[in-house]
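One structure is given here, and the rest of the page talks about it.
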Amino acid sequence: MTHASVVSRAGSAADMLVKEAKTQAAQDQLGKVRLEEQELQNSLPLKTLRVLQAVDGDPTVPVKHRVTLAWSRLRELNRILTDARLPSRLRIRLWKSSVVPTLLYGCERWKLTQTVRRKLN
């Protein structure tokens, strides 16, 4: 194992601990949920069918998630999309077939508020 892989694994383990602590703090702030005398655990955030949803109904959560994934996809393809040797039409087709679907996956479920529209622009 290389030093880089050991460091990345240690970093990801530390990141997971921080994420778990943040999630627990957010759950504690939500209060208790009861169903017929039984206390249920709050769940933040909820992922169903690879679409992120907020338990509290915040419409910006899935949009932020998709924007982050689209930017990540764009960075992966940056060298190809900026290569002047490739025809513009090919680069546009690649953009439309890769980055745009990554951004818009699950968008039919988004509540389009002004805040959501600003994040998409």
Apply the Karplus curve 6.51 cos²θ - 1.76 cosθ + 1.60, θ = phi - 60°, to the phi angles in region 101-110 and return the couplings in whole Hz, x for Gly and Pro. x, 4, 5, 8, 4, x, 5, 5, 9, 6
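Within 10 Å, count the other beta carbons around each residue, average over each peptide in 101-113, 74-86, 58-70, and list them highest first. List each step's numbers first, then the result.
Values: 101-113: 13.6, 74-86: 10.8, 58-70: 17.2.
Going by the mean number of other Cβ atoms within 10 Å, highest first, we get 58-70, 101-113, 74-86.
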Quick one: Karplus J couplings for region 77-87, per residue in order, coefficients 6.51, -1.76, 1.60, θ = phi - 60°, nearest Hz, x for Gly and Pro? 9, 4, 4, 6, 5, 9, 6, 5, 6, 7, x
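FYI, it's all coordinate maths here, none of it is from the lab. Note that the structure is a prediction, hence the values are computed from the model and not measured. We place every Cβ from the backbone using ideal geometry, glycine too, and count neighbours over all the protein chains shown.
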